[in-house]
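Notes for the one structure printed next.
The values are calculated or read from the model by the stated rules, or taken from the named source; none is laboratory data. Predicted, not measured: the structure shown is a model, and the values here were computed from it. Cβ placement follows ideal geometry from the backbone for every residue including glycine, while neighbour counts extend to all protein chains displayed. Heavy atoms of the whole protein, side chains included, go into the accessibility calculation; ligands, DNA and RNA do not. Shrake-Rupley method; radii C 1.70, N 1.55, O 1.52, S 1.80 Å.
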Amino acid sequence: MRLISINVLKTGMMIGRPIWNEAGLPLIRKDVVVTDSLISRLKQLGIQYVYIEDKISEGIEIEETVPLAVRKKAVKQITDAFQKIKGLDNKSATLVIDKQTKEIGNLVDDILSSILNAEEILMILSDTMLYDEYIFQHSFQVTLYSLAIAKEMGYSQSDLRTIGIGAILHDVGKMVTPSDILFKPGRLTDEEFETMKQHARSGFDILRNLHTVSLLVAHCAFQHHERIDGSGYPRALVDYEIHPFAKIIAVADVFDAVTSNRVYREKMVPSQGIAIIEAGRGTMFDAKVVDALKKSVVHYPNGTILLLSDGRRGVVAKQNDQNAALPCLRIFEGNNQLLKTTYQLDLTQETNVKIEKVETEYIFETE
């Protein structure tokens, strides 16, 4: 399978991975042959990338770190918990969340089990499932990234659990944010943004009186938009004033935001998201957290076509556990000529070759 942009999807191609709806039912099935009407439907759904089957990438497998069943269960539980507090005051919302914390803790345990037992670095395919409201999928994926980062940083099992619960609930304050602002399809006005920023304090107010989890969970919600240079909100805290757990969730939150579908902009591929985070290393984001992100998540998902500095092209065949930024490729082209026989290339062994760019819109001459 290989990953391509919806912009170059053509009639006659074959879908390589199914796309599921919120109920866990397939909207688009694997091995469906692409038609013009299917392309139109994918665009209406906001899908930006799809996996297709072809000879160049034959046999290359793409598997998420967290099984589909765990993802579906997790997002459903997050959705149910959040939906129950819509329209409630903070005190009532606290009581509702308090009753949910055992289930949330069990959910974190399930996610942790998947991450701790994974043989490869974290791979998340956000386009494989579609949700009516981004916030629920986002909370799940921020939890995955936060736990992967914290695992890389060597946190204890107890701390990992607290970080996981904090990540799931980091955006709970958005449930009291007006829907017309929360789901506005465009840039917020200054006044609207000030209202949106209150979700961090609202989340803290809802979570700080929980009897069943650590107060640190509330601080994760309160501080996940703070930045170590003091440019964040709601209190413009600086480095030493921000709890380490919140620093982790801050990086996970931004990384997922830029690599997920949003109504007001196109998603980035993971390597672009990492570049955004790297640009804020040591200024907005804690350097150790950024380094842990780079080591623990996939930069170039399997099936991605890369152009190398020497003119060769290859499709990512598998990940390198020793260096997430340098995967193993199946080289299929050199100097714009398709090779008669492909071969494997481990980029950790090619010190003089660099990745020039990700080519999701690359089309073979025969296509």
* Checking Pro185 against (1) open to solvent by 40 Å² or more (accessible area, probe 1.4 Å); (2) at pLDDT below 95; (3) within 22 Å of Ser158 (Cα to Cα), which test does it fail? -> (3)
* Could you tell me which residue of region 277-303 is nearest to Met153 (Cα to Cα), considering only residues that are surrounded by 15 or more Cβ atoms within 10 Å (Cβ to Cβ) and of a type in the set (Val, Ile, Thr)? => Val289
* Can you tell me which residue in region 1-49 is nearest to the chain's Cα centre (by Cα), limited to those that are in a strand (DSSP E or B) and at pLDDT below 90? -> Tyr49
* Within region 308-324, track down each residue that is assigned to a loop (DSSP other than H, G, I, E, B) and either open to solvent by 30 Å² or more (accessible area, probe 1.4 Å) or modelled with pLDDT of 95 or more (or both). => Ser309, Asp310, Asp321, Gln322, Asn323
* To do: Quick one: in region 332-367, of everything that is touching a residue at least 40 places away in the same chain (Cβ under 8 Å) and among the β-branched types (Val, Ile, Thr), which residue is surrounded by the most Cβ atoms within 10 Å (Cβ to Cβ)?
  => Val358
* Asked: Take the residues of region 236-257 that are open to solvent by 50 Å² or more (accessible area, probe 1.4 Å) and assigned to a helix (DSSP H, G or I): which is nearest to Leu147 (Cα to Cα)?
  -> Pro244
* Structure fact -> The condition from (1) crowded, with 22+ Cβ neighbours inside 10 Å; (2) in contact with a helix residue (DSSP H, G or I) (Cβ under 6 Å, 6 or more places away or on another chain) that Ile97 misses is numbered (2)
* Can you find even one residue in region 104-112 that is modelled with pLDDT of 90 or more, assigned to a strand (DSSP E or B) and open to solvent by less than 10 Å² (accessible area, probe 1.4 Å)? -> no
* Can you confirm whether region 286-294 contains a residue that is among the basic types (Lys, Arg) and either under 19 Å from the mean Cα position of the chain (by Cα) or in a loop (DSSP other than H, G, I, E, B) (or both)? => yes
* Which of the residues that make up region 56-82 are open to solvent by 60 Å² or more (accessible area, probe 1.4 Å) and touching a residue at least 24 places away in the same chain (Cβ under 8 Å)? -> Glu61, Glu63, Pro67, Lys72, Lys73
* Structure fact -> So, first residue farther than 18 Å from Gly59 by Cβ and hydrophobic (A, V, I, L, M, F, W, C) in region 298-322, second residue at pLDDT below 90 and part of a strand (DSSP E or B), Cβ within less than 7 Å, six or more apart or across chains; the pairs are Val298/Leu122
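Residues are listed down the side, and each one gets a yes or a no for (1) closer than 19 Å to Gly303 by Cα; (2) not hydrophobic (A, V, I, L, M, F, W, C):
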| position | (1), (2) |
| --- | --- |
| Asn7 | yes, yes |
| Thr11 | no, yes |
| Met14 | yes, no |
| Trp20 | no, no |
| Pro26 | no, yes |
| Asp36 | no, yes |
* **Breaking point among (1) part of a helix (DSSP H, G or I); (2) farther than 21 Å from Ser158 by Cβ, for Ala218** => (2)
